Amino acid sequence: MLKRKDLVGLIDATKEEITEILDVASQMKKHLKAGEKQLPYLKGKTATILFYENSTRTRTSFELAAKYLGATVVNISASSSSVAKGETLVDTGKTLDAQLNDFLIMRHPMGGAPYLLAQVAKASVLNAGDGMNEHPTQALLDMLTMREYFGGLEGLKVAIVGDIKHSRVAKSNLFGLNAMGAKVYMYAPKTLIPKGIDKLGATLCESREEALKDADVVMGLRIQLERQQAGNFPSLNEYAEFYGVDGKALKLAKPNAIVMHPGPVNRGVELTGKVIDHERSYIEEQVFSGIAVRMASLKLLNDYRELQK
Ligand code: NCD
């Protein structure tokens, strides 16, 4: 069973741990498909959602997941919290503990912030994205979507194209997919590849062809202009032409390859509209997987908390 107080990253996650979360998430999907949205696993528990960055799908996904499991859910956004009055993260953690929270679900612009919160808080911390570092539940939902389609993850070729440097999604996927025996190929302008990522197990490609050829999964990543201090490529049009995935590029992948993207998508930049709406585009399925994976993560962390009592 998952023996963790917190879920902050996949950097140290084992194949067994990931498999357990995905197995429970598959069960959660079955419940959801059967219309069962009132499960008892978190009855009497409280989850506070603290988002210090914008989000549509991840915040609502965590909120729905906690509510479907019966938890009481509170939402805080940075602009309305005492952080705007100068409170430190450590003091915020202590305050939320004093209110008897069981789960703190946090998105923060600084890499490592959830680790700090997890150290000081008695509540279990779930990282919903920390800066350019990790986004573990996103990678788990990506892996669930792939596992359902292919029946397993071992040996899959996953091509990640887009803004890898600023992407916490790419890093969590790299750690998770490596642990599960899949192979991760990355392609982007050199200015958007973080130094040393090949030493963490990624295969860096010199061309779009090399990355996409015979891929099982083509994963696009958003160009994160908000995190770029200087121009990393000449223009979005040029980026789309040389690095984006269109119908022709997709044909390089295996005939049954699927298209994925964590969203939000810049239509026509990292993927063309045709590719986003392709019959083998699993972008909406990823969103559905997201609720199931977050339900599974909350349930398993809660099971561990109960054992510690
Ligand atoms: C991503 C994120 O915020 O890390 N989106 C998401 O959570 N689905 C990727 C992005 O912002 O481009």
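The values are calculated or read from the model by the stated rules, or taken from the named source; none is laboratory data. Bear in mind the structure is a predicted one, so any value in this text is a computation, not a measurement. Positions of Cβ are backbone-derived with ideal geometry, glycine not excepted, and every protein chain shown enters the neighbour counts.
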TODO: Tell me which residues, restricted to the range 255-286, are out of contact with any Pro (no Cβ under 8 Å at 6 or more places or on another chain), surrounded by 16 or more Cβ atoms within 10 Å (Cβ to Cβ), touching a residue at least 60 places away in the same chain (Cβ under 8 Å) and not hydroxyl-bearing (Ser, Thr, Tyr).
DONE: 258, 260, 262, 263, 270, 285
Task: Residue list for the range 145-181, restricted to those being in a loop (DSSP other than H, G, I, E, B) and either within 16 Å of the ligand (Cβ to nearest atom) or crowded, with 23+ Cβ neighbours inside 10 Å (or both) - done: 153, 163, 164, 165, 166, 167
Open item on the list: Being more than 16 Å from the ligand (Cβ to nearest atom) and touching a Phe, Trp or Tyr at 6+ places or on another chain (Cβ under 6 Å) is the requirement here; does residue 79 meet it?
Closed with: no
Open item on the list: Which residue is surrounded by the fewest Cβ atoms within 10 Å (Cβ to Cβ), if the candidates are limited to the range 182-191 and must be among the aliphatic types (A, V, I, L, M) and out of contact with any Ser or Thr (no Cβ under 9 Å at 6 or more places or on another chain)?
Closed with: 182
TODO: Out of 134, 87, report the one residue that is over 27 Å from residue 306 (Cα atoms) and either at pLDDT below 95 or within 18 Å of the chain's Cα centre (by Cα) (or both).
DONE: 87
Task: Any pair with Cβ under 8 angstrom, 6 or more apart, that starts in the range 125-136 at a residue that is in contact (Cβ under 8 Å) with a residue 60 or more places away in the chain and on the phi > 0 side of the Ramachandran plot and ends at one that is among the small types (Gly, Ala, Ser) and near the ligand (Cβ under 9 Å from one of its atoms) - done: 129/55
- [ ] Scan the helices (runs of 4 or more DSSP H) fully inside the range 239-309 and keep the ones with 3 or more residues being over 28 Å from residue 190 (Cα atoms).
- [x] 283-308
Task: Index of the failed condition, residue 97 passing every other in (1) under 24 Å from the mean Cα position of the chain (by Cα); (2) modelled with pLDDT of 95 or more; (3) assigned to a helix (DSSP H, G or I) - done: (1)
Open item on the list: Quick check on the range 287-294. Is at least one of its residues crowded, with 17+ Cβ neighbours inside 10 Å, among the polar types (S, T, N, Q), within 13 Å of the ligand (Cβ to nearest atom) and under 21 Å from residue 33 (Cβ atoms)?
Closed with: yes
Task: Hits in the range 7-52 - residues which are of a type in the set (Lys, Arg), touching a residue at least 12 places away in the same chain (Cβ under 8 Å) and not in a loop (DSSP other than H, G, I, E, B) - done: 15, 29
